[in-house]
Structure formats: C-alpha cells, structure tokens
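The values are calculated or read from the model by the stated rules, or taken from the named source; none is laboratory data. All values derive from a computational prediction rather than experimental measurement. Heads up, the Cβs are rebuilt from the backbone with ideal geometry, glycines too, and the neighbour counts pull from every protein chain shown. To get the accessible areas, we keep the full protein, side chains included, count just its heavy atoms, and leave off ligands, DNA and RNA. Shrake-Rupley method; radii C 1.70, N 1.55, O 1.52, S 1.80 Å.
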Amino acid sequence: MVCRRLLRNGNRGMHLRYLEIKGGKKLDGDIRVQGSKNAVLPILTSCILGGGVCRIGNCPRISDVEVTLGILKAVGCKVIQEKHTVCVDATDVSVCEIPASEASRTRSSVLFLGALIGRCRKAVLPVPGGCAIGARPVDLHRKALEKLGVTFSGQESMTADGSGLSGAVIHLSFPSVGATENSILAAVLAPGTTVIEQAAQEPEIDELIHFLNLRGARIRRKKDGSIWIEGVKELYPVKYTMQADRIVVGTYLLGAVSAGGRVRVLNYPKHGLELPMELFREMGAVVRMEEESCELKCSGRPKALSYLETAPYPGFPTDLQSLFTAVLACADGRSRIRETIFENRFQMVQELKRMGAQIEVYGNTAWIQGIPRLQGAEVSATDLRSGAGLVLAGLGASDVTRVRNVEYIERGYEDICRDFGRLGADIQMCQ
Ligand code: UD1
C-alpha cells in the first residue's frame, strides 16, 4: 500500500482518508501541545460580549475552532486567523441568529445562546450538533437562562428573549460544563449579582473566567465551587494566550504507555491532570514533573486498573475514558471502567474488538480483560476521543491498523499524525 502524506486539502477525498499506523515502534521525543479546545471555544464565543479586537494566541487549528470562527463571522464579527493567532473584531454584532448549517456542526454552538443574550438581549439557536456520545439535551442551559429572566419560544430552534435579563441565583442540578459556561456568558453583562451553585469546576471554565476578568468582568470562584458574578456595563478587548489542552497532553503521554518509550510534554498545564497522573503511575509508568514540563517513561505491559469511574472535575475526565480503555485492552490483568457522563462512549469497544480486545460492556460498565497485544485491523472512529483511542491502540498493536472517519479526530487534534510522527511513531495520513 503506497501512502501519501497529505497537506490540508479542504474537502477533497475527505471521507476516503484514513490513518495508517504500523504498530510496535517505541516513542521517544519532546512535544509542545496545542491550545485547549474546550477553553478556546467558549473564549472565542465570549469575544462578542464587547466591541474591539481580542487577540487569542496558541489557538488550535482544529475543525471545531473553524466552525466557531464561521459563526462569529455570521453574527457580524471580523475574524483574522494567522497560524495560531486569531483576532476577533466584535465591534459590529448585527445578527443574533446562528445559521443552522453551522450550529449542526458543533455542540459548542449552544454557547452563542448566552453570549448573544448578553450582547444583544436576544438569540435564535437551531439544534446544536456535536459528537454522538449521548443524548446531550440542553434543558439545564435553558433552565439556568430562564432564572436570569430569559424567555424561550420555538420548538426546533430556540428563540430567546433576554430583554428582562438580570442577575439571579442559579442552582444546577448537575454540574454541566456547557450550562455553567452559558450562565457565565449571559450573566457577565446582566445587571445585579448572579450566583451559580453546583457549577462545573473544569479548569477550562476557570480559564474562561480568567479571560473575562482580564476584560473587566467581575467573576469569582468561591471555595465551595460556586461562581459569583457582579454584572458590569462593558468588557474591553485584550490579548490572551491559551493554555495547553490537557486531554491532548493525556493522549500523547498515553502514547508512551501504549507503545512503550518516553514522551515529554514541554508545556504541561498547571491544572486538570492530577488524577490521570496518579493513574499513569498505578499503571507502572514513571512520571517526572518539572516546573513546566512532564516526562513519562513506560516499558513492558501496563498494569490493569481495578476500577475507574468517570466524574465531573476533579474526578476522572470522560474525555480520557476512551483513551484509557484502548490502552488497558493490553494491560496485565482485568480492569473495570464505569462511564457516568456520556452513555454512548463505549461505541468504540466494537472497534477495539476487531483488533482482538477482550472487552464486555454491561450497561455503563466495561470489563476489560487485558491481552498481551492487539492485532492491527481496519477500524472506524465513532467520535473524537474514540478516534484518538484507536490511534493509541494502533501504536501498540502488531502489524498495520487503519483508522477511518479521521474527520472526528480533526475536531480536536490539530495534526495527530504529525505529532505522533515527531514522537517516533510510524503513522501516516493516507487516501
Ligand atoms: C463538555 C466538553 C466535553 C466533555 C464534557 C464533560 C466542551 C466543548 N465539551 O461538554 O468535551 O466531555 O464537557 O466534561 O467543553 N446534560 C443534560 N442537560 C443539559 C446539559 C448537559 O442532561 O442541559 C448532561 C449531558 O447529556 C451529559 C452531562 O450532562 O450527560 C455532561 O454534559 P456537559 O457537562 O454539559 O458537557 P458538554 O458541555 O456538552
């Protein structure tokens, strides 16, 4: 099979492309990781909360960012993207309706609801898209905004009237990341005080809060996790550089667990990987932290993890679940993983089984009997993180693994092929 390394080529051959991995090559290298997807999406969206030009550095070049930039343009912003810097001029936000074609491409389009309400006091949002990892309703977003005085009409698309917007106490029945962000975006410019109880505590939310405070917002995270927002009249433009993506960091470190070898992440994020780091050690990896970097070395089969359950931060992140499942498929012993956040995240197990994995799923729990080695096979990503998980499986497998549906992976990884290639893997994009 002759493979050709491809440059970004628009839609040409989009669905025919696949990643080809010749497994069994140990990794050895240093890497600087792209900016955080889950932080940059709300931060870019929040640019519309004031006039002037915000300049965002270390912005990852991933398709979810492209879609968000498309929505910013659709509502009237001017956007300039040069390499990893994006400038958003939100002086004229003239449209308060998100095009259905854009909303259906990413889940985070739902955040424009809060941001447009904050800026224009009205918003129209068609059904948001995103990876099919679960039902993903928006009831918590809606209830939170209703507490702030927003009224909704419409069935398919949501039409929000924010003319009565004002601060209030919001109690989230579950610490939803998106509903917390939407509440913040709507409350920042609302008169009065807003309190978000049982707010999500993911580090990406604190990065959004930090960004907004740099712009003149008055937002505080209390010790009990609640978020207090004193509404301000306006926000100012700023320059800001994104933190590294903790899930991508986790992916590249896990590469060295799957294939063996050594990976050093040069821009290790301050928060967000505390628990995964403990798990890497439990699996037998040697982890060395320095001020800004983290090095992981692993040789031989990883040890199984007897029980692991996903949970809101600071619990084990659901976004790393597929990646751990893939690596534990070859661990020494039996692991059990319970997925409590997104009900469809075990879709990947069928694909791992094509590679010989011995995994049984009962309800929301996967029982993983580790085998010495997976066998390369043709597999398909079922969502963003499952795609990355299959790449990890391929790195440690014998023979060749081909991963299809690479568009999913490109939602969140700038160039997984380039990055693992630099770390020493034999991986190519083919068509
Ligand atoms: C965000 C992240 C995603 C991560 C997830 C959980 C972004 C762009 N995406 O997704 O990578 O996996 O947090 O850490 O930041 N729910 C409801 N009703 C709602 C909202 C959510 O029932 O109105 C449920 C969801 O179906 C899911 C759970 O709450 O079961 C968690 O969802 P949420 O925290 O909102 O995740 P997202 O913001 O979609």
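Descriptive notes on the structure:
- Relative to one another, the C-alpha centroids of the range 369-431 and the range 252-281 are positioned 17 Å apart.
- Summary value for the chain: 21 percent relative contact order, contacts being C-alpha pairs under 8 angstrom separated by 6+ residues.
- Low-density loop cleavage sites - GluC sites (Glu not before Pro) in the range 265-352, where at most 16 other Cβ are within 10 Å (DSSP): GLU290, GLU291, GLU292, GLU343
- Helical mean residue ellipticity (222 nm; -39500 (n - 2.57) per DSSP H run of 4+; nearest 500) of the chain: -8500 deg cm²/dmol
- Each peptide among 82-95, 33-46 gets the average number of other Cβ atoms lying within 10 Å of its residues, and from highest to lowest they stand as 33-46, 82-95.
- Set of aspartates and glutamates with alpha-carbon distance to LYS303 below 16 Å, sequence-local pairs under 8 removed: GLU278, GLU282, ASP332
- Prolate/oblate/rounded call for the range 91-206, Cα gyration tensor, a/c under 1.5 rounded: oblate
- Carbon/sulfur fraction of accessible area - the chain, other protein chains in place, 1.4 Å, %: 49 percent
- Calculated accessible area for the range 42-159 comes out at 39 Å² per residue, all protein chains present (probe 1.4 Å; ligands, DNA, RNA ignored).
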